[in-house]
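Colleague: Input: one structure, supplied below.
The numbers here are math on the coordinates, done by the rules we state, and not lab data. Please read these numbers as outputs of a predicted model, since none were measured by experiment. Cβ: placed from backbone, ideal geometry, glycine included. Neighbour counts: every protein chain shown.
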Amino acid sequence: MKIEGKTAIITGGASGLGEAAARMMVEQGGQVILLDLNEERGTSVAEELGKGAAFIKTDITISEDVQAAIDFALEQFKQIDIVINCAGIAPRMKIASKKGPHSLEVFRKAIEINLIGPFDVMRLAADKMLSNEQNDEEGRGVIINTASIAAFDGQTGQAAYAASKAALIGMTLPVARDLAGDGIRICTIAPGIFKTPMLAGLPENVQESLVKTMPFPSRLGNPQEFAMLVQQIIENPMLNGETIRLDGSVRLAAQ
């Protein structure tokens, strides 16, 4: 699919990986609808990107919010061609410790934001994509989810996070099969350790220790490198039903 003239809905689009994907889309001649809870940052990014971008404050755990964002996208740009799900949280809590058992509230919140929210965005956006005209590759849309390498080698305290991201990966092939007959593709990216606001919240010594585990490149990933893969998935018609690790070959240790 050619990006020029296409419209993408991007959850978590106000910062980090989502913002990088939005900037790539606009640079390539596309339009973006940024969905995020951070109204100040979302508005600022949309204004900076210009007429090819718009922001709507959205809580993806509230289906009415998601439907409103879908309707807003159609009002702004008439069509939805691409979904890029980047919104997420990464709680850390052991399943049981001297502090007591893992909080069910924390687990549910991780599932709601990292799994149910993206699923809701996918199902509602895909419903609109069905009406799109076929492009020259007989395609109608592309969906990209963001998982994590924690889905494969989650660390201590990452049960909720790893479970939610593994479920996204588990959905990838069946969703691809559901939508194949209508020309809608889906892939999932499993990023490694990237420079994002989520990582910035960790202590400096923790960040330094993470860098030391990176084989090559021996550094944190740049959000722009995530956006490069997003672009390739959109443009390459043979990428479908696949989960791609983007991690510099790192494998997470237990701690």
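Colleague: Along the charge dipole of the chain, pointing to its positive end and built from +1/-1 on Cβ of Lys, Arg, Asp and Glu, which listed residue (Ile184, Ile82, Leu115) has its Cα farthest out?
Modeller: Checking the options against the dipole of the chain, the answer is Leu115.
Colleague: P(r) for segment 65-194, please, calculated from all Cα pair distances in 5 Å bins and given in %.
Modeller: Pair shares across the bins are 2, 11, 19, 19, 16, 13, 9, 6, 3, 2, 1, 0.
Colleague: Okay, next question. Where the centre of each part is set by its Cα atoms, how far does segment 67-121 sit from segment 1-64, in angstrom?
Modeller: Rounded to whole Å, the Cα centres lie 16 Å apart.
Colleague: Placing unit charges on C-beta atoms (Lys and Arg positive, Asp and Glu negative, everything else neutral), compute the dipole magnitude of the chain about its Cα centre in debye, rounded to 20.
Modeller: 1100 debye
Colleague: Please report, largest first and rounded to whole Å, the three semi-axes of the ellipsoid equivalent to segment 69-145, where each semi-axis is the square root of five times an eigenvalue of the C-alpha gyration tensor.
Modeller: So the equivalent ellipsoid measures 37, 12, 8 Å along its semi-axes.
Colleague: Of all the stretches in the chain, which is the longest one without any exposed loop site, taking trypsin sites (Lys or Arg not before Pro) in a DSSP loop (any state but H, G, I, E, B) with at most 14 other Cβ atoms within 10 Å?
Modeller: 100-218
Colleague: Would you mind ranking Met122, Met228 so that the residue whose beta carbon has the fewest other beta carbons within 10 Å leads the list?
Modeller: Ranking Met122, Met228 by Cβ neighbours within 10 Å, fewest first, gives Met228, Met122.
Colleague: Let me ask you something else. Show me the three semi-axes of the equivalent ellipsoid for segment 106-255, from the C-alpha gyration tensor (sqrt of 5 times each eigenvalue), largest first, rounded to whole Å.
Modeller: Semi-axis lengths for segment 106-255 are 30, 18, 12 Å.
Colleague: Over all directions, what mean area does the Cα convex hull of segment 1-87 project, stated in square nanometres?
Modeller: About 4.7 nm², averaged over all directions.
Colleague: Same structure, new question: Work out the P(r) tail for segment 105-175: percent of alpha carbon pairs separated by more than 15 Å, whole number.
Modeller: The answer is 59 percent, as a whole percent.
Colleague: For segment 188-245, treating each Cα as an identical point scatterer without solvent, what Debye log10 I(q)/I(0) comes out at q = 0.18 1/Å?
Modeller: After summing over all Cα pairs, the log10 values are -0.70.
Colleague: First obtain the Kirkwood hydrodynamic radius of the chain from its Cα pairs, then insert it into the Stokes-Einstein equation at 10 °C and 1.306 mPa s, and state the resulting D in µm² per second as a whole number.
Modeller: Approximately 86 µm²/s, per Stokes-Einstein.
Colleague: Can you give the convex hull volume per residue for the Cα atoms of segment 20-134, as a whole number of Å³?
Modeller: 120 Å³
Colleague: Now for a separate question. Could you compute how fast segment 1-43 diffuses translationally, taking Rh as the Kirkwood radius over C-alpha pairs and applying Stokes-Einstein at 4 °C with viscosity 1.567 mPa s? Give it in µm² per second.
Modeller: The calculation lands on 127 µm²/s.
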